[in-house]
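Colleague: Input: one structure, supplied below.
Values quoted throughout were computed directly from the atomic coordinates according to the rules given, and no laboratory measurement underlies them. The structure presented is a predicted model; accordingly, all values stated were derived computationally and were not measured. Don't worry about glycine lacking a Cβ; one is built from the backbone with ideal geometry, like all the others, and counts go over all protein chains shown.
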Amino acid sequence: MGRILVLAEHNTGTLDTVTRELLAAAARLGEPAVVLLTGPGAGPALAGQLAGWGVTDVYLAESTYAGTRLTTPAVAALEAAVRLARAAGAEVSGVLIAGTIDGREVAARLCVRLTAGLISDAVDARLRDGVIVATVPVLGGAYTVEAVAKGLAVVTVRPHSIVADGIPGSVPDRDVPGGTVTAPIRLEIDAELERGRGAEIVAVHPRPASGIRPGLTEASVVVSGGRGLGSDEGFGLAGDLADLFGGAVGASRAAVEAGLCEPGLQVGQTGATVTPELYIALGISGAIQHRAGMQGAGTIIAVNKDADAPIFAVADFGVVGDVFTVVPQLIEAVVAHRAAAG
């Protein structure tokens with residue numbers, strides 16, 4: 001099996017969940033190794049977190065530009081890791097990068113530098129006859145296709161599309177002796193490449209999180225509202241139900257465009273991709289672009305007065321009715337059940 005490089009995503013000293021998802025995919029494709037780009041001195045702590053996830057091979061690049069220069073430091077680090085691995089005699093067959101806005105640009109630039117093939121927005125990947133085969137949704141998720149790249153494959157993976165099975169924090173299907181990163185391989189990044197053209201962050205203005213609800217992509221329960229909720233007050237019904245389950249609030253694109261909620265709540269192809277244990281869709285018709293962002297949820301419940309709404313095609317449970325009648329009854333029933341259960 002070839003070596004599969006994973007670009008680690010991290011923020012404020014903690015590895016993002018998508019990094020573990022990428023490692024789960026890499027473990028099915030070959031021998032995972034992590035490329036870790038950090039500011040000076042921050043590498044060892046993050047390498048220790050990776051060790052807890054069963055990672056033993058880390059290429060560490062520490063750069064003063066890691067937190068301020070967009071794209072170019074990550075591209076330089078990945079290029080250096082690929083060339084170093086090849087120089088040591090390893091076959092690098094794939095590079096996995098989170099399919100974020102930044103990640104897609106990093107992947108494209110890396111392909112140009114290494115003359116590699118790009119597969120974008122994969123939701124799954126496997127080996128077939130020694131070749132990486134990725135599953136990619138097309139036409140807004142209405143269909144999926146299989147994509148392959150000759151030679152080195154650079155794959156961007158849609159966040160929250162791959163489940164890291166097994167014990168939380170582990171890399172599945174791989175026996176790891178020791179479980180420690182004893183000596184990360186340090187990368188020397190070409191200073192000229194690192195300071196190449198690219199946007200630079202010149203100021204940061206933190207915005208306090210509103211409310212106490214969990215983040216949309218991390219919540220185990222998501223209640224989303226559509227244009228069928230009709231108004232700001234009506235959209236509050238989604239919030240009431242979400243709070244009952246300790247969940248997050250989402251929205252369809254139609255609800256966002258109608259001004260019923262802020263754009264950051266949008267779920268779908270042009271919004272967030274979520275895979276909660278429970279997804280409740282209120283007054284959402286279920287357009288293709290919305291289903292592309294939520295159809296991987298564990299259980300889907302839809303409430304819509306239109307019996308022919310496309311959302312029912314992916315729902316596990318469907319209620320045909322007015323959300324303003326059904327949801328208050330649901331809230332009342334849940335509260336009563338909890339009271340009876342003590």
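Colleague: In percent, how large is the relative contact order of the chain, given Cα pairs closer than 8 Å and 6 or more residues apart?
Modeller: Worked out over the chain, it gives 15 percent.
Colleague: Let me ask something additional. How big is the Rg/Rh ratio for the range 303-342, C-alpha atoms only, Rh by Kirkwood, two decimals? Before the final figure, lay out the partial values.
Modeller: Details: Rg = 12.8 Å, Rh = 11.4 Å.
Answer for the range 303-342: 1.12.
Colleague: Here's a follow-up. Note the full-extension length gain between residue 87 and residue 220 as 0.36 nm times their separation in residues minus their Cα-Cα distance, in nm to one decimal.
Modeller: 43.5 nm
Colleague: Determine the percent antiparallel among the DSSP beta bridges restricted to the chain, to the nearest 5.
Modeller: 25
Colleague: If you take the square roots of the eigenvalues of the alpha-carbon gyration tensor of the range 1-89 and sort them as a ≥ b ≥ c, do you get rounded (a/c under 1.5), prolate (a/b over b/c) or oblate?
Modeller: Oblate shape, in that a/c is at least 1.5 and b/c is the bigger or equal ratio.
Colleague: For the chain, what is the mean residue ellipticity at 222 nm derived from helices alone (per DSSP H run of n ≥ 4: -39500 (n - 2.57); sum divided by total residues; nearest 500 deg cm²/dmol)? Walk me through the numbers before you get to the answer.
Modeller: Details: 9 runs with 98 residues, N = 342.
Rounded to the nearest 500, it is -8500 deg cm²/dmol.
Colleague: Taking R0 as 22 Å, what FRET efficiency do you get between residue 341 and residue 14 from their Cβ-Cβ distance, rounded to the nearest 0.05? Mind dumping the intermediate values first?
Modeller: Details: r = 36 Å, r/R0 = 1.62.
Efficiency, from the Cβ-Cβ distance: 0.05.
Colleague: Return the distance in nm (one decimal) between the two label points of a simple spin-label model at residue 201 and residue 288, each offset 7 Å from Cα along Cα→Cβ.
Modeller: Label at residue 201, label at residue 288, 3.6 nm between them.
Colleague: Mind giving me the FRET efficiency for residue 135 and residue 320? R0 is 51 Å, r the Cβ-Cβ distance, nearest 0.05 is fine.
Modeller: 0.95
Colleague: Around residue 6, which amide H atoms from residues at least 5 apart in sequence, or from another chain, sit under 5 Å from its own amide H, with H modelled in the peptide plane?
Modeller: 33, 34, 35, 96
Colleague: Using a 7 Å offset from the Cα along the Cα-to-Cβ direction at both residue 232 and residue 102, what is the distance between the two label points in nm, to one decimal?
Modeller: 3.3
Colleague: Turning to a different aspect of this structure: One-quarter of the Cα convex hull surface for the range 214-342, in nm²?
Modeller: 7.1
Colleague: Could you state the principal axis extents of the C-alpha atoms in the chain, from the largest down, to the nearest angstrom?
Modeller: 66, 46, 43
Colleague: Which whole-number percent gives the relative contact order of the range 221-341, counting Cα pairs below 8 Å spaced six or more residues apart?
Modeller: Reported relative contact order: 22 percent.
Colleague: So how far, in whole Å, is the C-alpha centre of the range 248-304 from the one of the range 11-34?
Modeller: 26
Colleague: When the Kirkwood radius is taken over all Cα pairs of the range 3-194, what Stokes-Einstein diffusion coefficient follows at 10 °C and 1.306 mPa s, in µm²/s?
Modeller: 96
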